[in-house]
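Here the structure is laid out as structure tokens; the discussion comes afterwards.
Nothing in this text is a laboratory measurement; each read-out follows from the coordinates by a stated rule. The shown structure was predicted, so the numbers you read here are calculated from the model rather than taken from an experiment. All Cβ positions, even for glycine, are placed from backbone atoms using ideal geometry, and neighbour counts span all protein chains on display.
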Amino acid sequence: KTSWLDNLSLNTPGNRGRILFSLDGECVFPFHYKNGTYYDCIRSKSRHKWCSLNETYEGYWKYCSAEDFASCVFPFWYRRLIYWDCTDHGEAFGKKWCSLTKNFNKDRIWKYCE
């Protein structure tokens, strides 16, 4: 059953046309928005992080919850090694990180591990 809150027409984030906000649905990563490709929730023209519900942003989006943020991809290739867990290799401050794609060497998309 769908309630009136499930889809709202809003003028955020960053678009003046018809935008549909959803309380449910899954974030699609990566997604294309304006001239960028995003592998995680973004804060573009919004106070809160959000994601697209389509591979190419078509106005369907939702605010991100803890479950929506991008996940590490294992195994991933970094330099000449394959990693099956978060690593601090190559990180100046010793914080563990992971790749958001299978090939960090090519894509260079990453996040800190929690």
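Neighbour counts of C-beta atoms inside 10 Å place C27, C72 in the sequence C72, C27, starting with the fewest.
Taking the Cα centre of the range 33-84 as reference, the dipole from Cβ charges on Lys and Arg (+1) and Asp and Glu (-1) amounts to some 300 debye. Extension gain for E55 to C113 (0.36 nm times residue separation, less C-alpha to C-alpha distance): 18.4 nm. The loop-placed chymotrypsin sites (Phe, Trp or Tyr not before Pro) in the range 69-114, going by DSSP, that have at most 16 neighbouring Cβ atoms within 10 Å of their Cβ come out as F69, W84, F93.
Spin-label model, V28/E67: points 7 Å from Cα along the beta carbon direction are separated by 2.0 nm.
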